[in-house]
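Data block below; observations after.
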Amino acid sequence: MPYRSASMLMIAILLGGCASNIPPSIRIDAGEALSVSQVQDDPRGTHGKPVRWGGEILSVINHKEYSDVVVLRRPLFNNGEPKPRGGEARRFVARLPGFVDPAEFRPEQRLTVSGHLAGVVTLRVGQYPYAHPVVRVAEQHRWEKYVEPPEPPWYRDPFYCDPWYPWGHHRHWPHCW
Amino acid sequence: MRPVHLILILLLMPAACTTVVEPDPVLAAQITPAQINAGMRQPAMDESLVWGGRVNLVTNLRDRTLIEIRSYPLSGKRKPLTDRPSSGNFVLEMDGFIEPAELRPGLLVTATGRYAGMLSYREQAQTQRLPRLRGSGMHVWASAPTARSSRQHPDVRWNLGIGTHGSGVGVSIGL
């Protein structure tokens with residue numbers, strides 16, 4: 001009997017490990033095709049369309065009833081996590097209801113949001129008037145600063161040449177120098 | 001392989017390890033920002049120049065972007081040689097908007113353009129006059145490799161070879 005209880009407990013723990021706290025609308029690609037530049041070019045035509053965008057948090061602007069998180073858009077991994085670099089690298093605003101603590105939504109963290117487009121808001125970057133597309137956020141997930149995954153010890157053969165030549169792959173002599 | 005060959009290779013290996021990239025002689029003959037700042041030399045207005053270095057500060061104006069750069073001598077591939085003494089600061093002026101979150105301080109850039117006089121450039125409370133390059137092209141060099149990518153392209157590679165048609169075993173270090 002104790003064995004049965006222990007195995008049930010193990011199964012429960014394993015199944016619990018499979019559960020994700022990432023919302024489905026963040027995890028699952030809905031096939032959105034809109035880019036930030038497309039919305040900047042046609043804010044009216046794209047108004048109300050659904051998007052799933054993510055990227056690096058740049059700043060937080062707190063308003064009376066909502067907060068705007070300025071994000072530099074990056075491409076997403078399959079699970080919705082923003083990649084650390086690449087993509088169109090254009091800015092958008094993720095509009096969240098209520099107060100968002102800038103001490104929690106820090107630069108270098110990453111944010112993925114799903115929601116609907118709500119036009120553009122012009123914010124200054126230096127003196128440049130930058131049209132930021134606004135996403136009214138339905139669901140969001142925040143990611144810590146990206147850390148490169150460690151390289152496994154077997155990733156690279158430390159030997160440039162095959163030390164077992166001629167018993168391994170055939171290489172022409174001199175195969176090392 | 002005869003032992004004499006192996007000895008020759010072992011003698012040549014340290015020379016391979018001490019390869020130093022020299023500044024390009026043609027680019028090194030250009031007037032540098034430091035020479036302008038010191039009043040030693042003055043380029044003609046609209047003179048074509050190729051300068052490069054490390055980004056200090058990016059300032060977005062309404063219709064253009066100013067990039068303050070700490071310049072260094074350039075290699076034959078026009079890459080700034082940051083292990084050399086700096087050749088002074090200058091301001092690169094590019095048309096339009098350049099994303100400061102992408103062009104971060106510390107990145108290496110090389111720019112081609114034309115000399116456009118001195119620019120009174122205000123940084124925090126201080127105003128300084130720096131040579132201005134009206135940029136026509138800019139190349140941003142890949143940032144410092146991450147831990148993983150640096151191991152994919154190691155600076156030092158150990159080689160072990162066994163020859164069968166001659167006779168010899170060797171270990172070498174390649175760059």
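A few notes on this one:
- Yes/no for A:Ala89 being more than 12 Å from the chain's Cα centre (by Cα), among the aliphatic types (A, V, I, L, M), in a loop (DSSP other than H, G, I, E, B) and within 14 Å of chain B (Cβ to nearest Cβ): yes
- Any hit, the stretch A:114-125, residues being of a type outside the set (D, E, K, R), surrounded by fewer than 17 Cβ atoms within 10 Å (Cβ to Cβ) and within 14 Å of chain B (Cβ to nearest Cβ): yes
- In the stretch B:76-89 there is no residue matching the filter, namely being in a strand (DSSP E or B) and either among the acidic types (Asp, Glu) or at positive phi (or both).
- Looking across B:Arg54, B:Arg64, one residue alone is of a type outside the set (Phe, Trp, Tyr), away from chain A (no Cβ under 14 Å) and either surrounded by 16 or more Cβ atoms within 10 Å (Cβ to Cβ) or out of contact with any strand residue (DSSP E or B) (no Cβ under 6 Å at 6 or more places or on another chain) (or both). It is B:Arg54.
- Residue identified as β-branched (Val, Ile, Thr), at negative phi and at pLDDT below 80 among A:Ile22, A:Ile11, A:Ile26: A:Ile11
- Subset of the stretch A:123-152 (residues that are touching a helix residue (DSSP H, G or I) at 6+ places or on another chain (Cβ under 7 Å) and small (Gly, Ala, Ser)): A:Ala131, A:Ala138
- Subset of the stretch B:119-130 that is closer than 20 Å to B:Gly106 by Cα and part of a strand (DSSP E or B) - its residue that is modelled with the lowest pLDDT: B:Glu123
The values are calculated or read from the model by the stated rules, or taken from the named source; none is laboratory data. Nothing here was measured: the structure is a model prediction, and the numbers come from that model. Note: ideal-geometry Cβ built from the backbone for every residue, glycine included; neighbour counts use all protein chains shown.
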